[in-house]
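Derivation of every value follows stated rules applied to the coordinates shown; laboratory data play no part. Just so we're clear, the structure is a prediction, and the values are computed from it rather than from any experiment.
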Amino acid sequence: MTRRRRSLRAAKVHDRRSRDLPFNAEVAVIEVDDPLALEAGEKIVALRSIRNDPLARLHSRGQINEAQYRGGRAFQNDWERAERGPQAVDPTREYVDGVQAREPITEGQRKAALRLNRIERALGADGSALVHNVLVDGMTMQQVGQRRGLVTQRRKDYFSGRFQECLDRLALSYGFATEQRPSHLNPAGGHRVQAVHRSGE
């Protein structure tokens, strides 16, 4: 009897999904590690918002793989780290002629900027613009086409395919995938990307 109870307890995944969502919510079900787990590997079912997150929307619909998703998230993290946008005014600091001293650039920001420069060269001008539109500005493929004045379905499909190629390059650059060279048995040629599972993630 105790063995049966133990096996049922081990297979249980806690459902922590919200039951009352806003009327305009766009969410997807995701299984994540339980932060309150007593044993390693326990999972919970949660909802993540995909409303203003095109990368999460593509991942939740199975249109991109895990390596592409992680590569896109790593790019977004580097962008946020390297960006030196407007900063809030600290009212506790002494006022000196309205001039606000800039904070020095940290080592993390410098490394993120170097990675972004390397990735921009690898993606090219068009790929960099597309990645920036989707991952930084949060645009959909339809919005990308509208911005460029190209609204046909064929162009939308082109941007989707090109964005997937860019995500493959990001996965390679950040180490979430390895590149497989085409073999003599693969007459179609081209490079394929194989996801790599990194420990601790």
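Values for this structure:
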read-out: Residue-span extension gain [Leu38 to Val151] - 0.36 nm each, minus C-alpha spacing; value: 35.5 nm
read-out: Between region 27-85 and region 124-148, the Cα center-to-center distance that results, in Å; value: 20
